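Colleague: Before I ask anything, here is the structure I am working with.
The values are calculated or read from the model by the stated rules, or taken from the named source; none is laboratory data. On a predicted model such as this, the values are computed, not experimentally measured, just so you know. We place every Cβ from the backbone using ideal geometry, glycine too, and count neighbours over all the protein chains shown. We work out accessible area using only protein heavy atoms, side chains counted, and drop any ligands, DNA or RNA first. Shrake-Rupley method; radii C 1.70, N 1.55, O 1.52, S 1.80 Å.
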Amino acid sequence: MSDNKFKLVLLSCCAPCSVGAIRQLADGLIPNISDFIVLFYNPNIFPESEYTKRMHEQIKYCESVGAKYAVLEYDHDAWRAAVQGLEMEPERGARCSVCFAYRFRRAVKFARENGYNAIGSVLGVSRHKNQAQVDSAAELECGNLEYIQIKWDENLRVQINRESDFYRQNYCGCE
């Protein structure tokens, strides 16, 4: 963009992982971001009741700070088909790479359809994930959209989580 301002889609897995990033964006603390929306797209989460809990927590936090958000379809069967044959892969294995790519492809489609020109993510925030693996999937899938690797304020995330009553899960969500 000529003015170096980006309209960002923030791909989020859950409120506990995303709160610091959302607060930084909502407070205008990330340079070159003119607008953002939090995208909850997590067909990997199972069972659906777990997905619903995480979705509601994400919505609750976004609304509390006035952040725009979108929730996309929950199609766990399509996700299972995408990772078929990788079910026995360990955490941070090949299945995670395929899962990240699958979710970034859908985020890119959403961004293009809605006038956003950049993608960011908190998918690597969890101790269960590998940020380099997330970044590789994003770089592969973003095409002509800018992938912005933002250094999120971990201390802010921890502080907000300590002050909150979020539902917290103890696994990444995948079946």
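Colleague: Putting +1 on Lys and Arg Cβ atoms and -1 on Asp and Glu Cβ atoms, find which of Ile160, Cys142, Ser97 reaches farthest to the positive end of the dipole of the range 90-175.
Modeller: Result: Ser97, furthest along the dipole toward the positive end.
Colleague: Just to confirm the filter: which GluC sites (Glu not before Pro) across the range 75-128 are DSSP coil and have at most 16 other Cβ within 10 angstrom of their Cβ?
Modeller: Glu87, Glu91
Colleague: Would you pull out the residues with amide H under 5 Å of Leu123's amide H, same chain only if 5 or more places away, H placed 1.01 Å from N?
Modeller: Here the answer is none, since no amide H 5 or more places off falls under 5 Å of that of Leu123.
Colleague: I'd like to check one number: the per residue accessible area of the chain, probe 1.4 Å, reported in Å² as a whole number.
Modeller: With all protein chains present, the chain gives 49 Å² per residue.
Colleague: So, one more: Treat every Asp and Glu Cβ in the chain as -1 and every Lys and Arg Cβ as +1, leave all other atoms uncharged, and give the resulting dipole magnitude about the Cα centre to the nearest 20 debye.
Modeller: 160
Colleague: Rank Val108, Ala78, Met88 by how far each Cα sits towards the positive end of the charge dipole of the range 1-124 (+1 on Lys, Arg Cβ; -1 on Asp, Glu Cβ) and give me just the farthest.
Modeller: Val108
Colleague: Right, next: What does the net charge come to around Asn161 if you take all other residues with beta carbon closer than 15 Å to its beta carbon, with K and R at +1 and D and E at -1?
Modeller: Here the count lands on +2.
Colleague: Just to check I understand the Karplus step: with θ = phi - 60° and J = 6.51 cos²θ - 1.76 cosθ + 1.60, what whole-Hz values come out for the range 99-107, glycine and proline as x?
Modeller: With coefficients 6.51, -1.76 and 1.60, one gets 4, 4, 4, 4, 6, 5, 4, 6, 5 Hz.
Colleague: What relative contact order, as a whole-number percentage, does the range 1-107 give when Cα pairs under 8 Å and 6 or more residues apart are counted?
Modeller: Value for the range 1-107: 28 percent.
Colleague: R0 = 22 Å: FRET efficiency of Val65 with Gln169, Cβ-based, nearest 0.05?
Modeller: 0.55
Colleague: Shifting gears a bit: For the range 41-143, which trypsin sites (Lys or Arg not before Pro) pass both filters: DSSP loop (anything but H, G, I, E, B) and at most 14 other C-beta atoms within 10 Å?
Modeller: Lys68, Arg92, Arg127
Colleague: Ok, one more. Mind checking which of Tyr51, Ser64, Ala118 is farthest towards the positive end of the range 1-123's charge dipole, using Cβ charges of +1 (Lys, Arg) and -1 (Asp, Glu) about the Cα centre?
Modeller: Ala118
Colleague: What is the spin-label model distance, in nm, from Glu48 to Glu87 if the labels are put 7 Å beyond Cα along the C-beta direction?
Modeller: 2.0
Colleague: Can you give me the % of accessible surface on the range 1-55 that is carbon or sulfur? Probe 1.4 Å, all protein chains present, nothing else counted.
Modeller: So the carbon and sulfur contribution to the accessible surface is 50 percent.
Colleague: For the full complex of protein chains and a 1.4 angstrom probe, list Phe46, Phe6, Phe40 by accessible area with the highest value first.
Modeller: Listed by decreasing accessible area, they come as Phe46, Phe6, Phe40.
Colleague: Enter the accessible area of Trp79 (Å², nearest 10), with the probe set to 1.4 Å and all protein chains included.
Modeller: Surface accessible to solvent at Trp79 totals approximately 0 Å².
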